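The values are calculated or read from the model by the stated rules, or taken from the named source; none is laboratory data. Fair warning: this is a prediction, and the values are worked out from it, not measured in the lab. For neighbour counting, all protein chains shown are included, and Cβ atoms are generated from backbone atoms with ideal geometry for every residue, glycine included.
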Amino acid sequence: MHKDVIKVGDIIKIVNGMDIPVDGICIEANGVLADESSLTGESDHLQKETVEKCFARKAEHEAEDSKSRGPHDVPSPVLLSGT
């Protein structure tokens, strides 16, 4: 779908290898990884999950008494255009 015809509130199915046409939030996911290297310079693919799963994982992570916390320990629901 071309980004010029997408409107606020539209739901877009993202498939493997697709460039994300607009910024959005993941509402359903199954093994979604995003390459954000064009924005961040990091070569790691970042896991994307639904908002509910991200909040649950954040709560689990905060409950763990672990000193080793990395910036990508909790997945993000945010999908960025061009990634």
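Tell me, yes or no, whether the range 25-32 has at least one residue that is closer than 13 Å to LEU79 by Cα, part of a loop (DSSP other than H, G, I, E, B) and at pLDDT below 90.
yes
Among the residues of the range 48-72, which ones are exposed (fewer than 13 other Cβ atoms within 10 Å of the Cβ) and either modelled with pLDDT of 90 or more or in contact with a helix residue (DSSP H, G or I) (Cβ under 8 Å, 6 or more places away or on another chain) (or both)?
GLU52, ARG69
Which number in (1) under 14 Å from the mean Cα position of the chain (by Cα); (2) free of Cβ contacts under 8 Å to residues at least 60 places away in the same chain marks the one condition that GLU42 misses?
So GLU42 meets the others, but not (1).
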